[in-house]
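*Asks:* Quick one: structure below, then a few questions.
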Amino acid sequence: PLLFTAAHNNNQLDIYQWNKDTSRYVPYIAIPSDKPNSRLGGAVFDYKGAYYYPAQNCEKQYGGAIDIKRINCNDGNFSTSFVKQLTSPNPRYPLGLHTINEYKGVVVIDVKGYRYGRIGAMMDKLVSLKKKIKECSK
């Protein structure tokens with residue numbers, strides 16, 4: 001079995017392989033990623049013979065979107081390439097898409113939004129305005 005992971009503030013997908021002699025996962029291969037903080041946002045999956053993985057896109061905010069990335073292999077050299085970005089499909093939870101997984105034909109997503117809709121949006125705007133005022137007064 002393989003274990004796919006990406007460390008915080010790292011720009012690579014790390015793959016570990018199970019070693020039955022030591023009963024531990026050991027480093028197997030590191031695949032460079034095009035963006036830092038490409039932590040996994042779901043399981044690696046096979047689509048039409050190619051492997052893909054959902055990566056958390058935290059450029060704007062934690063859990064802001066999911067980038068679908070393809071795992072490429074050319075002459076034994078591995079890399080990843082961006083395929084598509086997914087955002088929350090639910091207008092009640094517009095702040096982000098953190099995780100996407102599929103199991104036995106059922107897709108599960110983890111989206112985020114405001115607990116109290118309009119009030120939460122207004123509070124975010126007030127906090128943002130306060131930060132801007134503080135930065136301008138420096």
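The values are calculated or read from the model by the stated rules, or taken from the named source; none is laboratory data. Quick caveat, the model's predicted, so the values are computed rather than measured. Quick reminder, even Gly has a Cβ in these numbers, built from the backbone with ideal geometry, and neighbours come from all protein chains shown. The accessibility values were calculated without ligands, DNA or RNA, using every heavy atom of the protein model including side chains. Shrake-Rupley method; radii C 1.70, N 1.55, O 1.52, S 1.80 Å.
*Asks:* Specify the angular offset, from 0 to 90 degrees and rounded to the nearest 10, of the alpha carbon long axis of helix 117-136 from the longest principal axis of the alpha carbons in the chain.
*Replies:* Tilt relative to the chain: about 80 degrees.
*Asks:* May I pose another question? Could you give me the ³J(HN,Hα) list for the range 43-58, computed from phi with Karplus coefficients 6.51, -1.76, 1.60 and θ = phi - 60°, whole Hz, x at Gly and Pro?
*Replies:* Karplus values, whole Hz, x for Gly and Pro: 7, 5, 9, 9, 9, 6, x, 10, 9, 9, 8, x, 10, 5, 9, 10.
*Asks:* How much of the accessible area of the chain, in percent, comes from carbon and sulfur atoms when a 1.4 Å probe is used? Can you show the working numbers first?
*Replies:* Numbers: 5590 of 10210 Å².
The nonpolar share, carbon plus sulfur, comes to 55 percent.
*Asks:* Calculate for the chain the 222 nm mean residue ellipticity that helices alone would give, adding -39,500 (n - 2.57) per DSSP H run of length 4 or more and normalising by residue count, nearest 500 deg cm²/dmol. Working shown, then result.
*Replies:* Values: 1 runs with 20 residues, N = 138.
Taking each H run of at least 4 residues, the total per residue is -5000 deg cm²/dmol.
*Asks:* Would you work out the relative contact order for the range 1-116, in percent, from Cα pairs under 8 angstrom that are 6 or more residues apart? Display every interim value, and only then the final one.
*Replies:* Values: 266 pairs, mean separation 19.5, N = 116.
That works out to 17 percent.
*Asks:* Further question on the same structure: After finding the eigenvalues of the alpha carbon gyration tensor for the chain, what semi-axes result from the square roots of 5 times each, listed largest first in whole Å?
*Replies:* Working: eigenvalues 236, 70, 40 Å².
Sorted largest first and rounded, they come to 34, 19, 14 Å.
*Asks:* Could you tell me which of Gly96, Phe45, Met123 has its Cα farthest along the dipole of the chain towards the positive end, charges placed at Cβ (Lys, Arg +1; Asp, Glu -1), taken about the Cα centre?
*Replies:* The one lying farthest along the dipole's positive direction is Met123.
*Asks:* Using only the Cα atoms of the range 95-138, each taken as one equal point scatterer with no solvent, compute I(q) by the Debye sum, divide by I(0), and report log10 of the ratio at q = 0.25 Å⁻¹.
*Replies:* Log10 I(q)/I(0), no solvent term: -0.85.
*Asks:* Report, in listed order, any pair from Lys69/Lys132; Lys60/Lys104; Lys60/Lys84; Lys35/Lys112 with a Cα-Cα distance greater than 26 Å.
*Replies:* Working: Lys69/Lys132 35 Å; Lys60/Lys104 32 Å; Lys60/Lys84 17 Å; Lys35/Lys112 22 Å.
Listed pairs above 26 Å: Lys69/Lys132; Lys60/Lys104.
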